[in-house]
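Participant: The following block contains the structure, expressed as structure tokens.
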Amino acid sequence: MDSAPANIHIAPMTIPPEPWPTGIAEQIEPLVRRVLAPNPSPFTYTGTESYIVGAQGVVAVIDPGPNEPAHLAALRAAIGDAEVAAICCTHTHRDHSPAAVPLQTATGAPVIGCAALVLDSTGQRSDDGFDATYTPDRVLRDGESLSGPDWTLTAVATPGHTSNHLCFALAESGALFTGDHVMGWSTTVIIPPDGDMAAYMASLDKLHRREDRVYYPAHGAPVDNPRQFVRGLIGHRRQRERQILKLLDDGMQGIEAELVPAMYKGTDRKLWPAAGRSVLAHLIDLEQRGMVRHTAGRWTING
């Protein structure tokens with residue numbers, strides 16, 4: 001959604017020209033293959049990236065993606081004769097988890113990962129809303145693991161983008177599958193009421209304290225400098241916070257009419273509604289910290 005600080009490279013909002021590796025199982029490290037779903041958009045970049053973990057005949061599938069026949073066929077072709085030990089979902093937005101049901105039907109694998117969550121929300125969002133079909137067989141709590149012959153995945157709770165968001169750490173290689181918490185092409189949109197800026201910032205701090213080797217996001221390129229990248233994301237959010245406070249101090253009060261146009265001048269106007277939701281998330285966080293107040297539909301500096 002946002003462009004990031006100069007020391008962090010995140011691709012612009014425009015989708016790069018085709019061809020993309022849609023439907024192709026790409027070997028990105030010995031234990032990990034990636035399959036790109038055919039759901040590109042200004043909010044999903046070139047599509048959702050599903051990951052297949054394992055190289056000894058027993059695998060886990062992370063973020064199976066949308067319920068698209070072509071994507072399911074590509075996943076099944078990539079899995080081949082391997083046993084699927086688990087279908088793991090980072091969260092329940094409809095570009096991430098709906099393929100879990102048909103993939104479970106085809107393979108018999110349990111759905112293991114985030115908790116179920118279905119909410120209505122208003123405004124344009126960075127995905128297609130929540131997946132009402134998602135029913136996990138096992139919910140992983142922070143620090144809980146599952147394993148195969150050559151892999152171990154450990155849940156890392158990262159609420160913020162959604163309250164049920166998990167990342168998955170691959171112990172054998174130092175990789176972290178970051179879902180939408182950290183993406184390789186854009187900053188994450190935080191959309192209240194479930195999206196929570198304070199929780200998101202705490203989750204970024206949590207990742208910054210870790211020593212992961214690489215991030216594999218659900219959208220965009222791998223992140224090979226994780227701690228520096230996360231530090232940049234934290235700095236970017238703090239910069240947005242200061243910008244909001246400055247604009248409020250200058251007399252601006254309305255999100256859609258004043259704050260978003262001032263803050264997102266270089267962003268496609270079609271994306272402004274989603275940007276406004278992240279601005280709202282910042283304002284709610286600032287209000288909870290006693291720095292701003294909200295009265296009669298207007299936001300003002302407190303004190």
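The values are calculated or read from the model by the stated rules, or taken from the named source; none is laboratory data. The structure displayed is predicted, hence computed values, not measured ones. Reconstructed Cβ throughout: ideal geometry from the backbone, glycine too, with neighbour counts over all protein chains shown.
Participant: Take region 176-191 and flag every residue that is part of a strand (DSSP E or B), crowded, with 24+ Cβ neighbours inside 10 Å and at negative phi.
Facilitator: First, pick out the residues of region 176-191 that are part of a strand (DSSP E or B): 176-179, 184.
Still in the running and crowded, with 24+ Cβ neighbours inside 10 Å: 176-179.
Of everything in region 176-191, those that are part of a strand (DSSP E or B), crowded, with 24+ Cβ neighbours inside 10 Å and at negative phi turn out to be Leu176, Phe177, Thr178.
Participant: On the given criteria, is Asp131 over 14 Å from the mean Cα position of the chain (by Cα), within 20 Å of Ala100 (Cα to Cα) and surrounded by 15 or more Cβ atoms within 10 Å (Cβ to Cβ)?
Facilitator: Details: over 14 Å from the mean Cα position of the chain (by Cα): yes; within 20 Å of Ala100 (Cα to Cα): yes; surrounded by 15 or more Cβ atoms within 10 Å (Cβ to Cβ): yes.
Criteria met by Asp131.
Participant: Identify, please: which residue in region 86-107 is of a type in the set (Ser, Thr, Tyr) and more than 15 Å from the chain's Cα centre (by Cα) and is, among those, surrounded by the most Cβ atoms within 10 Å (Cβ to Cβ)?
Facilitator: Within region 86-107, the subset of a type in the set (Ser, Thr, Tyr) is 90, 92, 97, 105, 107.
Add one more test, that the residue is more than 15 Å from the chain's Cα centre (by Cα), and what stays is 105, 107.
Details: Thr105: 10, Thr107: 18.
The selected residue is Thr107.
Participant: Quick one: which of Thr107, Thr90 is in contact with a strand residue (DSSP E or B) (Cβ under 8 Å, 6 or more places away or on another chain) and either within 30 Å of Leu271 (Cβ to Cβ) or not hydroxyl-bearing (Ser, Thr, Tyr) (or both)?
Facilitator: Numbers: Thr107 fails: either within 30 Å of Leu271 (Cβ to Cβ) or not hydroxyl-bearing (Ser, Thr, Tyr) (or both).
The conditions single out Thr90.
Participant: Applying the selection to region 205-262, what residues are outside any helix (DSSP H, G or I), touching a residue at least 40 places away in the same chain (Cβ under 8 Å), loosely packed, with under 14 Cβ neighbours inside 10 Å and not small (Gly, Ala, Ser)?
Facilitator: The first filter runs over region 205-262 and keeps only residues outside any helix (DSSP H, G or I), leaving 209-225, 250-254.
Retained after the next criterion (residues that are touching a residue at least 40 places away in the same chain (Cβ under 8 Å)): 210, 212-223, 253-254.
Right, trim to loosely packed, with under 14 Cβ neighbours inside 10 Å and you get 213, 254.
Passing the criteria: only Arg213.
Participant: Which members of region 14-30 meet the condition of being surrounded by fewer than 16 Cβ atoms within 10 Å (Cβ to Cβ) and not β-branched (Val, Ile, Thr)?
Facilitator: Here is the first cut: in region 14-30, the residues surrounded by fewer than 16 Cβ atoms within 10 Å (Cβ to Cβ) are 14, 16-21, 24, 26-28, 30.
Correct list: Pro16, Pro17, Glu18, Pro19, Trp20, Pro21, Glu26, Gln27, Pro30.
Participant: Within region 121-143, which residues are charged (D, E, K, R), at pLDDT 95 or above, in contact with a strand residue (DSSP E or B) (Cβ under 6 Å, 6 or more places away or on another chain) and outside any strand (DSSP E or B)? Write out each step before concluding.
Facilitator: Let us first name the residues in region 121-143 that are charged (D, E, K, R), namely 125, 127-128, 131, 137-138, 141-142.
Now restrict to residues that are at pLDDT 95 or above: 137-138, 141-142.
Going one step further and asking which of them are in contact with a strand residue (DSSP E or B) (Cβ under 6 Å, 6 or more places away or on another chain), we end up with 137-138, 142.
Listed by number, the residues that qualify are Asp137, Asp142.
Participant: Now for a different question. Please work out if Glu144 is farther than 24 Å from Pro102 by Cα, among the charged types (D, E, K, R) and in contact with a Leu (Cβ under 7 Å, 6 or more places away or on another chain). Give the derivation first.
Facilitator: Values: farther than 24 Å from Pro102 by Cα: yes; among the charged types (D, E, K, R): yes; in contact with a Leu (Cβ under 7 Å, 6 or more places away or on another chain): no.
So Glu144 does not fit the description; no.
Participant: Against the definition (in contact with a Phe, Trp or Tyr (Cβ under 8 Å, 6 or more places away or on another chain) and either among the hydrophobic types (A, V, I, L, M, F, W, C) or not assigned by TED's automatic domain parsing to the domain that holds Gly179 (or both)), how does Ile24 come out, yes or no? Step through it out loud before you land on a result.
Facilitator: Numbers: in contact with a Phe, Trp or Tyr (Cβ under 8 Å, 6 or more places away or on another chain): no; either among the hydrophobic types (A, V, I, L, M, F, W, C) or not assigned by TED's automatic domain parsing to the domain that holds Gly179 (or both): yes.
So Ile24 does not fit the description; no.
Participant: Answer yes or no: is there a residue in region 196-203 that is under 13 Å from the mean Cα position of the chain (by Cα), under 16 Å from His91 (Cβ atoms) and small (Gly, Ala, Ser).
Facilitator: Looking through region 196-203, at least one residue is under 13 Å from the mean Cα position of the chain (by Cα), under 16 Å from His91 (Cβ atoms) and small (Gly, Ala, Ser).
Participant: Test each condition in (1) surrounded by fewer than 24 Cβ atoms within 10 Å (Cβ to Cβ); (2) under 12 Å from the mean Cα position of the chain (by Cα) for Ala169 and report the one that comes out false.
Facilitator: Here Ala169 meets the rest and fails (2).
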